[in-house]
Amino acid sequence: MSGGVEQRLFGTDGIRGIAGEYPLDKKTIQIIGRAIVSNLARDLRRSPSVVIGRDTRESGPGIESALAAGAIAAGASVKSAGVITTPGVAYLTRAVPFDAGIVISASHNPYQDNGIKVFSQSGKKLADEMERRIEAEIISAPTDVNPDPGNLREAETLEQASYQAKYLDYLAGDVARGLKLNGLRIVLDCANGSASSIAPILFDRLGAEVEALAAHPDGRNINEGCGSLHLEGLQRIIPQEGFDLGIAFDGDADRALFVDSRGNLVDGDVTLMILADYLRSKRKLEGDIVVATVMSNIGLEIALRERGIELVRTQVGDRYVLDELLARGAKLGGEQSGHIIFPDISLAGDGMITAVELLRVMKESGLALEQLASKMTRYPQLLLNVRVLRKPPLDTLATVKAEMERVEKELEGQGRLLVRYSGTENLARVMIEGQDHSRITEQANDVAEALRNEIGE
């Protein structure tokens with residue numbers, strides 16, 4: 001392979017691709033496992049211990065086996081947590097502890113995709129510099145890997161059950177300590193993903209009346225018409241059947257979105273506003289700062305400002321939110337998509353922790369979710385995705401640059417335009433906010449058309 005873009009394997013959320021194709025073919029996966037371990041061993045100056053967890057995709061067990069083969073060949077001790085959430089692996093990595101945790105998941109993507117992401121012992125994703133080192137080793141590695149990893153672990157099923165129980169006990173006993181949800185009727189959409197066997201048990205244990213949807217994974221139905229990208233089912237069922245709220249997870253449960261009793265969406269921005277208001281009232285919002293990304297709605301910024309809270313924006317990606325939180329000593333950050341981070345609890349976004357903390361606000365305040373959410377007014381926002389063949393700097397595309405400058409001038413003082421490339425797919429994303437939905441739709445389409453003309457597929 002050659003060329004700068006082709007050489008980049010790690011995106012904003014690890015390595016992603018179609019299962020069975022490069023870089024998620026069996027041979028390359030083993031090389032990835034070996035490269036991760038050899039770089040960890042170089043820093044630790046000893047053989048590392050690693051835990052691997054996965055979501056419910058049918059490709060997961062094969063990828064796990066190949067990864068473990070490469071890791072063991074490089075000298076690692078490897079344990080399997082089986083099907084578990086991404087933040088569950090992050091928790092186990094720091095709590096057991098292990099030197100690293102590896103997650104096999106493509107989050108909200110369809111089942112044909114999969115991915116690999118790595119957590120350090122702190123429960124934080126690997127630093128960019130470490131990812132670049134691993135990436136370089138993968139690209140230049142010899143291909144003499146074990147073609148048949150065979151049976152790699154003893155008593156695997158018992159170990160997996162104990163790891164999953166440890167994570168569930170942590171959520172129910174530590175994170176949710178003192179929280180009683182008796183009297184609340186909740187619908188959970190588990191996306192047929194890794195929350196399916198954990199979330200219903202957690203919220204039932206806390207005393208809620210729980211109905212679980214999309215909690216029967218078959219390897220191919222993960223995220224299929226369900227989960228945090230498909231809230232229609234929750235929005236229909238909840239007002240019809242008189243539930244208090246709905247919680248929708250994505251495939252690996254590192255994010256959560258909510259639906260109130262009237263069927264209205266409560267996204268990550270509104271969740272941040274509710275939690276920030278609560279933490280500030282408890283004098284637990286250090287520096288009166290909330291960290292979010294450039295994608296967060298300007299309505300969040302305005303609502304926080306009215307409460308004397310500063311919104312600090314980062315580039316898109318929960319790793320950048322976390323870096324800013326740690327740099328500032330702040331206590332709350334997240335993304336519109338539902339990734340919320342409480343660094344005092346976990347350095348990884350965790351949809352179930354987010355849900356627990358939001359439910360705590362509801363119980364302590366005595367307010368319904370729609371009442372809490374009414375404190376923020378959203379500006380109309382539109383996001384368009386444009387498939388692209390390449391990702392050159394936007395300011396080198398003359399037509400695109402001119403169109404962006406025109407739209408930004410029209411929006412000045414009344415909205416925002418943001419154009420960026422996806423870190424995991426061949427997409428350019430056009431995000432626009434303004435007071436008039438029809439006008440921003442026209443403006444977004446103008447920018448998107450300029451992108452298609454210059455670099456579109």
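The values are calculated or read from the model by the stated rules, or taken from the named source; none is laboratory data. Since this is a predicted model, take the numbers as computed values, not measurements. Every residue, glycine among them, receives a Cβ derived from its backbone with ideal geometry; neighbour counts consider all protein chains shown.
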Open item on the list: One residue is enough: does the stretch 342-356 have a residue meeting the conditions within 30 Å of VAL430 (Cβ to Cβ), polar (S, T, N, Q) and at pLDDT below 95?
Closed with: no
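Taking helices (runs of 4 or more DSSP H) that do not extend beyond the stretch 59-144, which have at least 3 residues that are at pLDDT 95 or above and closer than 15 Å to LEU44 by Cβ? Even if it seems obvious, please write down each step before you answer.
Values: elements: 60-73, 86-95, 128-140.
Here the list is empty.
Does at least one position in the stretch 296-307 carry a residue that is in contact with a His (Cβ under 9 Å, 6 or more places away or on another chain) and in contact (Cβ under 8 Å) with a residue 40 or more places away in the chain?
No: zero hits.
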- [ ] Check LYS331 against each of (1) closer than 30 Å to SER197 by Cα; (2) in a helix (DSSP H, G or I); (3) of a type in the set (Lys, Arg) and name the one condition it does not meet.
- [x] (2)
Task: Single condition ALA172 does not satisfy, out of (1) at negative phi; (2) crowded, with 22+ Cβ neighbours inside 10 Å - done: (2)
Open item on the list: Consider the stretch 405-456. How many of its residues are among the charged types (D, E, K, R), at pLDDT below 90 and closer than 16 Å to ASN385 by Cβ?
Closed with: 1
- [ ] Could you figure out which of (1) modelled with pLDDT of 95 or more; (2) more than 17 Å from ASP189 (Cα to Cα); (3) aliphatic (A, V, I, L, M); (4) in contact with a Leu (Cβ under 8 Å, 6 or more places away or on another chain) isn't true of LEU300?
- [x] (1)
Task: Number of positions in the stretch 359-372 that are surrounded by fewer than 23 Cβ atoms within 10 Å (Cβ to Cβ) and within 30 Å of LYS125 (Cβ to Cβ) - done: 2
Task: GLY287 being closer than 30 Å to TYR91 by Cα, of a type outside the set (A, V, I, L, M, F, W, C), in contact (Cβ under 8 Å) with a residue 40 or more places away in the chain and surrounded by 17 or more Cβ atoms within 10 Å (Cβ to Cβ) - done: no
- [ ] Find the residue count for the stretch 352-394, including only residues that are closer than 26 Å to GLU433 by Cβ and not in a helix (DSSP H, G or I).
- [x] 18
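Condition check ((1) within 30 Å of VAL118 (Cα to Cα); (2) surrounded by fewer than 18 Cβ atoms within 10 Å (Cβ to Cβ); (3) assigned by TED's automatic domain parsing to the domain that holds MET431) across all residues:
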{"site": "GLY349", "(1), (2), (3)": "yes, no, no"}
{"site": "MET352", "(1), (2), (3)": "yes, no, no"}
{"site": "ALA355", "(1), (2), (3)": "yes, no, no"}
{"site": "THR399", "(1), (2), (3)": "no, yes, yes"}
{"site": "VAL407", "(1), (2), (3)": "no, no, yes"}
Open item on the list: Which count do you get for residues in the stretch 244-263 that are in a loop (DSSP other than H, G, I, E, B), within 11 Å of HIS339 (Cβ to Cβ) and either hydroxyl-bearing (Ser, Thr, Tyr) or in contact with a Leu (Cβ under 9 Å, 6 or more places away or on another chain) (or both)?
Closed with: 1
Open item on the list: Suppose the filter is crowded, with 24+ Cβ neighbours inside 10 Å, free of Cβ contacts under 8 Å to residues at least 60 places away in the same chain, outside the structural domain of SER196 (by TED's automatic domain parsing) and not in a helix (DSSP H, G or I); does ILE52 pass it?
Closed with: yes
